[in-house]
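S.K.: Quick one: structure below, then a few questions.
The values are calculated or read from the model by the stated rules, or taken from the named source; none is laboratory data. Just so you know, these numbers come straight off a predicted model, no measurement behind them. So basically every Cβ, Gly included, is an ideal-geometry build from the backbone, and we count neighbours across all protein chains shown. Surface areas here come from the heavy atoms of the whole protein model, side chains and all, with no ligands, DNA or RNA. Shrake-Rupley method; radii C 1.70, N 1.55, O 1.52, S 1.80 Å.
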Amino acid sequence: MKKISLILLLLCITSLGMAQEVSSRAKAMRMMTYSRPEYMIKDIKIFTDTMTVYSLSEYVIYPIGKWENIESYITSTQIQWYREIGYKKFYDSMEVSVNTLKRLDDSYLDMYRSIWTGRVEMLGGKISDPEVKLANGIKVGMTKEQVFGILFRKYPRSYTADIQVLKVISGAGEVGQIYTFKGNKLRHIGIITKYKYY
């Protein structure tokens, strides 16, 4: 009798775990139906407190907008940037010029001008200064509802209540932004890339 009870208990625990996984996938599929068409969202994954959104939009690749040179971006922001120019290794045999724009609160953007695209490309960054705004209007200090409202037309609030990290990743997984929330406010924005320089 004890064996049967133990087996039933294990079956219940296993089925609850599987039901939670189905629930996360069902939430993700429903969220996709609410996505804004301009973001071309192709998949969403939800795991515990993290939602990963895969988008084919150019915004993901150019979060600060498309610029021909770094000076144009600096001028357009109308905020004080501290600029450092340095070099980073490329294929362990050559060095390329990388510009780092910094703010006093340690926010920074690493970027370079690609000889292939003729545009400013992002290498990485971390933004915690509310003065720095991305091309789609997202900035630190916005509420979770405001951030999700940019990507989705509408959505059930209960689906995002537990989300503390929102990742918006390009279709190939090479570029992305990581939005980290503390409570209901956007705390900082990370920019990640796996691009090769030049």
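S.K.: Show me the strands (runs of 3 or more DSSP E) found entirely inside segment 86-198 where at least 3 residues are more than 30 Å from S24 (Cβ to Cβ) and not polar (S, T, N, Q).
M.R.: 94-102, 108-113, 120-127
S.K.: If only one of V168, V132 is within 14 Å of the chain's Cα centre (by Cα) and aliphatic (A, V, I, L, M), which one is it?
M.R.: So the residue among V168, V132 that is within 14 Å of the chain's Cα centre (by Cα) and aliphatic (A, V, I, L, M) is V168.
S.K.: Right, another one. What tally of residues in segment 186-198 results from selecting those that are closer than 29 Å to K89 by Cα and open to solvent by 30 Å² or more (accessible area, probe 1.4 Å)?
M.R.: 8
S.K.: Sort out which residues of segment 48-78 are among the small types (G, A, S) and within 21 Å of G173 (Cβ to Cβ), and write them in order of number.
M.R.: S55, S57
S.K.: Going by what's in this entry, would Y59 be described as in a helix (DSSP H, G or I), under 15 Å from I191 (Cβ atoms) and open to solvent by 20 Å² or more (accessible area, probe 1.4 Å)?
M.R.: yes
S.K.: Condition test on T193, is it polar (S, T, N, Q), under 18 Å from D110 (Cβ atoms) and within 13 Å of the chain's Cα centre (by Cα)?
M.R.: yes
S.K.: Which pairs do you get when a residue that is closer than 19 Å to E145 by Cβ, found in segment 29-51, comes within reach of a residue that is of a type in the set (D, E) and exposed (fewer than 12 other Cβ atoms within 10 Å of the Cβ), reach meaning Cβ atoms under 6 angstrom, with the pair 6+ apart or on two chains?
M.R.: D49/D162
S.K.: Follow-up. Output the residues belonging to segment 103-125 that are charged (D, E, K, R) and either over 20 Å from the mean Cα position of the chain (by Cα) or surrounded by fewer than 17 Cβ atoms within 10 Å (Cβ to Cβ) (or both).
M.R.: R103, D105, D106, R113, R119
S.K.: Give just the number: which of (1) within 24 Å of the chain's Cα centre (by Cα); (2) at pLDDT 90 or above does E21 not satisfy?
M.R.: (2)
S.K.: Out of the residues in segment 27-47 meeting the condition of being open to solvent by less than 70 Å² (accessible area, probe 1.4 Å) and assigned to a helix (DSSP H, G or I), tell me which one is farthest from I169 (Cα to Cα).
M.R.: K27
S.K.: Condition check: in contact with a strand residue (DSSP E or B) (Cβ under 8 Å, 6 or more places away or on another chain) and free of Cβ contacts under 8 Å to residues at least 40 places away in the same chain. Does I191 satisfy that?
M.R.: No.
S.K.: For segment 128-185, name all the residues that are closer than 16 Å to I46 by Cα, open to solvent by 70 Å² or more (accessible area, probe 1.4 Å) and free of Cβ contacts under 8 Å to residues at least 60 places away in the same chain.
M.R.: The answer is R157, S158.
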